[in-house]
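To start, the structure itself, in structure tokens.
The values are calculated or read from the model by the stated rules, or taken from the named source; none is laboratory data. Computed from a predicted model, the values in this text were never measured in an experiment. In this analysis, Cβ positions are derived from the backbone assuming ideal geometry, glycine residues included, and neighbour counts consider all displayed protein chains. Protein only, heavy atoms only, side chains kept; ligands, DNA and RNA dropped before computing areas. Shrake-Rupley method; radii C 1.70, N 1.55, O 1.52, S 1.80 Å.
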Amino acid sequence: MAEEAAMREQAETVRRLKQEKADPDEIAKEVAKLLEMKAQLGADEGKHKFVLKTPKGTRDYSPKQMAIRERVFNAIISCFKRHGAEVIDTPVFELKETLTGKYGEDSKLIYDLKDQGGELLSLRYDLTVPFARYLAMNKITNIKRYHIAKVYRRDNPAMTRGRYREFYQCDFDIAGQFDPMIPDAECLKIVHEILSDLQLGDFLIKVNDRRILDGMFAVCGVPDPKFRSICSSVDKLDKMAWEEVRSEMVAEKELCPEAADRIGDYVKLQGGLELIEQLLQDPKLSQNKQAKEGLGDMKLLFEYLTLFGITGKIRFDLSLARGLDYYTGVIYEAVLLQQERQPGEEPLGVGSVAGGGRYDGLVGMFDPKGRRVPCVGVSIGIERIFSILEQRLEASEEKIRTTETQVLVASAQKKLLEERLKLVSELWDAGIKAEVLYKKNPKLLNQLQYCEDSGIPLVAIVGEQELKDGVVKLRVVATREEVNVSRESLVEEIRMRTSQ
């Protein structure tokens, strides 16, 4: 660097003057110059080079990506509404104590904010705990609601797999005292409807019950205080082999090897009603009160799912654990299956796209009198779904429209800006999605090209002759067909041609 070279030169000058025993005033002047150069260089080093980037674990979304997201959100919201849900919203941050202790080992991923005016706050980690706080605070004992909003996790992001630090969750929950497993079955039906509608490929919904898990841990000899930490190890079975999970239980969590092996015999089991019947006869599990209750409800759940006609995509899986502390009953997780596999090969899960379960105790944690409000819900893994759809659209090179403009108001001759503005204003007032180019005298070819590029289906052309005749020339961009439409009928004609 030039500054460093100049400073070395100045230092050499000072050294030479000292050797030559030059005039002290002259030496002092050169030393002062050297110190000034050093200070300047230090200040420059202190200046941080500004980097234009989004924070780690976050991203921007282009109009094309937002068009895909809107399509997905609309499909999900229409499903939630079809099932009679209302919508709520809650603050993006909560009091820190609201979130503390609700997420088990995941609590370390909560983003804490600096103390701002006497309140310790944290960014919300999910939408379920804020929902429970909302119910307790407003003394609501019965609601079916959905909530779509951003949540925050201080996680190690894996952007390519749809794992971020800031992301959307789409939650549907049923709160209230109802007969067993009817709301739970509806939540699973909703997951089935959404995943079928979005056409993401083959999927499987795994179900289990926290009570069955706890009963299994008890009969396998896991001490009570270790239930939750062993549960979080079992939760890793979708990402790790049993041998690795077993070694974590024994080496890190100090579970005796015999108990780990007994757990291993159970967590490898998966099936449907036959497996539930078999486990109800299991000499150990059938003697455990919690496990027996869980298996009884699981049998009932499968009966309702049979009535809904969706058992083909549902599997009772004893390895499903879901690490969150607040689950009390049925738990489920939807995974997409590997598309291409060899004949006779087991379908492999390639990632979770929805999950949820029953959490009957969470609202009571916030209620001053500990009043329980039973709840069951599901969360759609929207970011994972976006990643899949984005990759698929990139591969197919399908053109995506990023606007909903129905018609461009254009002119073929000069000096017709006023007429174009009058017409576009009429269309806007009639609720038609219309655009006009921001030029006084645009070329017709440029106007038509804009429609091609933007996917606008119609062009309303005004010209001197059309103005005299009281008509507008309506051109279909795809076929280049042109028809003269009276000014009074134009709105109706545009609506008719774009209603498909």
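List the lysines whose Cα sits under 19 Å from the Cα of LYS33, skipping any in the same chain fewer than 8 residues away.
In chain and number order, the partners are LYS18, LYS21.
Can you tell me the FRET efficiency between GLU482 and ASP60 if r is taken as the Cβ-Cβ distance and R0 is 60 Å, rounded to the nearest 0.05?
The value I calculate is 0.90.
Whole number please: convex hull volume per residue of the Cα set in the stretch 46-190, in Å³?
175 Å³
Find me the longest stretch of the chain that has none of the exposed GluC sites (Glu not before Pro), where exposed means in a DSSP loop (not H, G, I, E or B) with at most 16 other Cβ atoms within 10 Å.
With a cap of 16 other Cβ atoms within 10 Å, the longest stretch comes to 120-253.
Leaving ligands, DNA and RNA out of it, work out the accessible area of TYR111 with a 1.4 Å probe and give it in Å² to the nearest 10.
The value for TYR111 is about 60 Å².
Cβ under 14 Å from LYS96's Cβ, LYS96 left aside: what net charge do those residues give with Lys, Arg +1 and Asp, Glu -1?
Neighbourhood net charge equals +1.
Nearest 500 deg cm²/dmol is fine: what mean residue ellipticity at 222 nm does the chain get from its DSSP H runs of n ≥ 4 alone, each adding -39,500 (n - 2.57), divided by its residue count?
That comes out to -13500 deg cm²/dmol.
Can you give the net charge of the other residues whose Cβ lies under 12 Å from the Cβ of GLU482, counting K and R as +1 and D and E as -1?
+1
Cβ under 9 Å from ARG124's Cβ, ARG124 left aside: what net charge do those residues give with Lys, Arg +1 and Asp, Glu -1?
That works out to -1.
If contacts are Cα pairs under 8 angstrom and at least 6 residues apart, what is the relative contact order of the stretch 407-497 in percent?
29 percent.
Set the Förster radius R0 to 41 Å, insert the Cβ-Cβ distance between ARG71 and GLN413 as r into 1/(1 + (r/R0)^6), and round the FRET efficiency to 0.05.
The pair ARG71/GLN413 has a calculated efficiency of 0.55.
Is there a pair in LYS139/LYS236; LYS189/LYS253; LYS422/LYS443; LYS440/LYS473 whose C-alpha atoms are over 29 Å apart, and which pairs would that be?
LYS139/LYS236; LYS189/LYS253
What are the DSSP H helices in the chain that stretch 27 Å or more along their long axis, judged by alpha-carbon atoms, and whose average Kyte-Doolittle hydropathy comes to at least -1.0?
24-46, 63-82, 289-308
Any idea what log10 I(q)/I(0) is at q = 0.09, 0.11 Å⁻¹ for the chain, Debye with uniform C-alpha scatterers and no solvent?
-0.80, -0.98
Using only the Cα atoms of the stretch 407-497, what do you get for the radius of gyration and for Dmax, in Å?
Rg then Dmax for the stretch 407-497, in Å: 11.7, 31.
Using alpha carbon centroids, what distance separates the stretch 405-455 and the stretch 93-110, in Å?
53 Å
Sort the stretch 1-41 into rounded, prolate or oblate with this rule: let a ≥ b ≥ c be the square roots of the eigenvalues of the Cα gyration tensor; rounded if a/c is under 1.5, and if a/c is not under 1.5, prolate when a/b is larger than b/c, oblate otherwise.
Cα axes put the stretch 1-41 in the oblate bin.
GLN338 to MET137: extension gain in nm, 0.36 nm per residue of separation minus the Cα-Cα distance?
68.0 nm
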